[in-house]
Amino acid sequence: MVVGAITAVVPSLRIQSNSVHVQVATALGKELLDNTRVFAESGWSNIAALSTSSAVHYYLNASSSPFTTSTGDQTITVGTTTYMRYFYLSEVKRDVSGMIVASGGIADPSTRADPSTRRVTVAYKWTWGPTSTMVTYLTRSRSNTFWQTDWTVGAGQDGPITVPNSRFGTSTGSINVMSSTGSILLNL
């Protein structure tokens with residue numbers, strides 16, 4: 001009877017142990033997905049500047065504020081188990097009606113890349129478990145755009161401004177300057 005009881009209990013304990021590992025791995029994957037959303041909301045250029053390839057893995061350094069990205073797979077040890085997680089970004093294409101369409105194959109001329117949307121795939125696993133994924137779409141929901149129509153003074157603005165004026169610092173870095181007669185649009 002003892003041998004029979006042991007053979008029944010051991011698989012049950014193994015299933016319970018695996019269940020705990022799956023729960024921890026899933027929680028770590030969800031945390032990375034949530035942090036990636038916060039990272040994108042803090043500034044779309046954080047996401048837009050990253051490569052859109054499943055071959056390029058990223059993770060977030062969430063111990064610093066603001067978050068920063070690192071390339072590669074992040075390993076986290078919980079108890080005696082090592083977990084791994086990372087995310088990658090994919091370009092999103094839309095058809096003429098604005099619906100997201102699958103990418104791959106020959107590009108349909110009626111589809112176009114949407115620079116304000118990225119597909120985020122988070123992959124996670126524990127040492128002996130299979131790799132699982134979560135997918136979501138991030139969209140730039142707000143735009144930090146400032147219209148200035150009077151640039152009579154020009155460059156030379158130092159530091160942050162609290163009241164708009166007719167000066168600007170530079171047009172280098174992540175600022176795209178598009179001009180038309182009498183106005184400049186800065187997309188930040």
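Please treat every number below as a calculation from the coordinates, not as lab data. For clarity, every value in this text was computed on a predicted model and none was experimentally measured. FYI the Cβ positions are ideal-geometry reconstructions off the backbone, even for glycines, and counts take in every protein chain you see.
A simple spin-label model places pseudo-atoms 7 Å from Cα toward Cβ; at Asn18 and Ser51 they are separated by 3.5 nm. Between Asp73 and Ser42, the modelled label-to-label distance comes to 2.6 nm, taking each label 7 Å out from Cα in the direction of the beta carbon. Net length available on complete extension from Met134 to Val96 is 10.9 nm, with 0.36 nm assigned per residue and the Cα-Cα distance removed.
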